[in-house]
1. What residue among Asp218, Asp230, Asp138 has the largest mean-square fluctuation in a Gaussian network model of the chain, using Cα springs under 10 Å?
2. Rank Arg17, Arg208, Arg177 by mean-square fluctuation in a GNM of the chain with C-alpha springs under 10 angstrom and give only the top-ranked residue.
3. Among the trypsin sites (Lys or Arg not before Pro) in segment 95-173, which ones are in a DSSP loop with at most 13 other Cβ atoms within 10 Å of the Cβ? Mind listing them?
4. With Kirkwood's inverse mean 1/r over C-alpha pairs for Rh, give me the Rg to Rh ratio of the chain, two decimals please.
5. About the Cα centre of segment 104-217, what is the dipole size in debye to 20, counting +1 per Lys and Arg Cβ and -1 per Asp and Glu Cβ, all else neutral?
6. Between Arg124 and Ala359, what length comes free when the chain is fully extended (0.36 nm per residue of separation minus the Cα-Cα distance, one decimal in nm)?
7. Which residues make up the longest stretch of the chain clear of chymotrypsin sites (Phe, Trp or Tyr not before Pro) that lie in a DSSP loop with no more than 11 other Cβ atoms within 10 Å, not counting the sites?
8. Kindly identify segment 150-244 as rounded, prolate or oblate by the Cα gyration tensor criterion: order the square roots of the eigenvalues as a ≥ b ≥ c, call it rounded if a/c is under 1.5, otherwise compare a/b with b/c, prolate if a/b is larger, else oblate.
Amino acid sequence: MKYLHLIWAALWRRKTRTILTLVSILAAFLLFGMLDGVRTSFANAGKSAAGAERLQTGSKLSFIETLPQSLQARMEQVPGVKMVAYANWFGGAYQDPHNQIFTFAVSDNYVDMYPEVAVSPAERKAFEQTRTGVLVGDLLAKKYHWKVGDKLPLQSNIFPNRDGSKNWSFDIVGVMRPAKPDDKQMLQGGILMHWKYFDDSNPYNHGRVGWYVTRVVDASQSDRVANAIDALSANSDHETRTMTEQAAFAQYIKQMANVGFIVISIMGAVFFTLLLLTGNTMAQAVRERTSELAVLKTIGFSSASVLGLVLAESVALVLLGGVLGLGLAAVLGPALSAGSGGMVSMPPVPASSWAIGVALMLGIGLLVGALPAMRAMRLNIVDALAGR
């Protein structure tokens, strides 16, 4: 610690260069903290349903496999189940095939599963009485200037209707808003249509549903309820897997892409670039101080001490930027989780991410400082001072 002032002074010898390098390191570890938090969230998803008030049941084989609609009555008989609803993915596009909107065909009681969603009594009644009626999220209504009474044309990327085309027409009969001003939930950006209309109007469904949503009486019993629901279909041709909604969303994403591999690939490229950048910074810093290092040796600093000073400077630079980056990720993580409507539950920064991050900081610091430190250690006093 007695040499800390020397390390700190060397670190800020070129303030602009140090600040720019710190910003680069901060950005790299901010990205690492956020991505590793997502990776950890996906890796842990589905391990337990404890504490969840809502469960989602889908096919154990794949999210694209459907389940019999008759399973609802059996699920409702499971002790601890309060209510069961079901839904199908519709895949609606508005105006442009690439403009996909979360559109679901749902049972009549689906909205009741989400107390955080508010629909006026008049609009709810209109939805129940209108076969082609849909409820739209308030965010969509604001974005596209929709209002109750409008005709809504949607194009399904999967399901044709009775006339064989994939062009569907609906009537907007209500808007889904947050029950509380601060509530955020996925349905604000989605559309709900009648499952019965969907089932009757396309040739592929025939009494099948995509997934079930279950409200439990006691959230502390969610694990037991989930296991009991899955036991209903054990050893059948439609075995199920019940988990939290967040875990179900994570499973959906994992079947679409290898999240862990994507995160590792991105971070590999980021840290490789960081190695080059930080290594160049340290090489320049030591080269500029050749004569100063020679003076340190002249007044009695050993070669090992000079080696340690340069390595400590390199590690301090990476640690300072890295800790700031992970700290910023810890602040932004909960904000992004809230913005996802709770579909991605990402911890601020998991303890495992901090451990890996600090190990990376130390490793990168030692690696980029090794070559300049070796050159400083082997520095010849006479040659260095003569060059000055």
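1. Ranking Asp218, Asp230, Asp138 by mean-square fluctuation puts Asp218 first.
2. Per the Cα network of the chain with a 10 Å cutoff, Arg17 tops the list.
3. Details: sites: Arg124, Lys125, Arg131, Lys142, Lys143, Lys147, Lys151, Arg162, Lys166; in loops: Arg131, Lys147, Arg162, Lys166.
Answer in residue order: Arg131, Lys147, Arg162.
4. Radius of gyration over Kirkwood radius for the chain works out to 1.18.
5. Values: 15 positive and 13 negative charges, 34 e Å.
For this selection, approximately 160 debye.
6. On the way: separation 235, 0.36 × 235 = 84.60 nm, distance 5.51 nm.
Difference between extended and current length: 79.1 nm.
7. Values: sites that count: Trp12, Tyr204.
Free of exposed loop sites, the longest segment is 13-203.
8. Values: a/c = 3.38, a/b = 1.30, b/c = 2.61.
Taking the square roots of the gyration eigenvalues as a ≥ b ≥ c, segment 150-244 is oblate.
Read the figures in this text as sums done on the coordinates, not as results from a lab. In this text the structure is predicted, and so the values were computed from the model without any measurement. Positions of Cβ are backbone-derived with ideal geometry, glycine not excepted, and every protein chain shown enters the neighbour counts.
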